[in-house]
Amino acid sequence: MIPGIKALTFDTFGTVVDWRSSIINDLSAFGRTRGLSTDWTAFVDEWKNAYKPGMDKVRKGEWPWTTIDGIYRKALDEIAPRYGLAKLDEASLHHVNRVWHRLLPWPDVVPGLARLKKKFLISTLSNGDVDMLANMAKLGGLPWDVILCGQVFRHFKPDPEIYLGAIEMLGCKPHEVMMVAAHNDDLKHARSHGMRTGFVLRPTEYGPAQKTNLEASEQWDVIANNFGELADALGA
């Protein structure tokens, strides 16, 4: 057990929700209603790859402030013709883009968060949008005390403003907040601002051929295989 922690902030995509399987399953069902023969696995992998370049353009000032919904929609409009989606009407394309609001949590997440919530303030700290994260919470039963994200601070990780802003909004000192993520880079940046760090392994976030974040790259404060182990380590 690590003394002095008052709040936990959670990366969401990949750490809390299984975005890849959720999207493949959701859009496969949608495609059947539209008679689409789209390779949804290839589609989501290409679509996801547009996420970081879009954020970087916002962070560098090449684009004005753009939400994650907006970044994914720009990418969707670009790749849609390659996957037979150009024939979809605007309402259908909007539904496809909103799939990021319908992501489901990994099986260990809800019971783990329920335990952690009894002892700590628990919050998202995601690049996702407020309504996106709220809709995921509603759908998946995620019991957040507060939603903090890039849209709140008008910055995306790894900008310092998002980590420092969360610490301030939670009314804590840096060492009183633990960043929980399945991504070593996220934890590295959090630690650089004085936050405690919890690594949760998600070896299939990117599918069976995942090559990154298969182990903790540093001695984080907690290293766990799931949210249950995280709760155990924190005495929750």
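The values are calculated or read from the model by the stated rules, or taken from the named source; none is laboratory data. Owing to the predicted nature of the structure, the values given are computational and were not obtained by experimental measurement. Here the Cβ is made from the backbone with ideal geometry for all residues, glycine too, and neighbour counts use every protein chain on show. Surface areas here come from the heavy atoms of the whole protein model, side chains and all, with no ligands, DNA or RNA. Shrake-Rupley method; radii C 1.70, N 1.55, O 1.52, S 1.80 Å.
The residues of region 75-93 that are within 24 Å of the chain's Cα centre (by Cα) and closer than 14 Å to K48 by Cβ, listed by number, are A75, L76, E78, I79.
For region 48-66, a tally of residues being in contact (Cβ under 8 Å) with a residue 12 or more places away in the chain, touching a helix residue (DSSP H, G or I) at 6+ places or on another chain (Cβ under 9 Å) and open to solvent by 40 Å² or more (accessible area, probe 1.4 Å) returns 1.
Looking for whichever is of a type in the set (D, E, K, R) and modelled with pLDDT of 95 or more here; the options are D56, D69. Which one fits? Answer to the check: D69.
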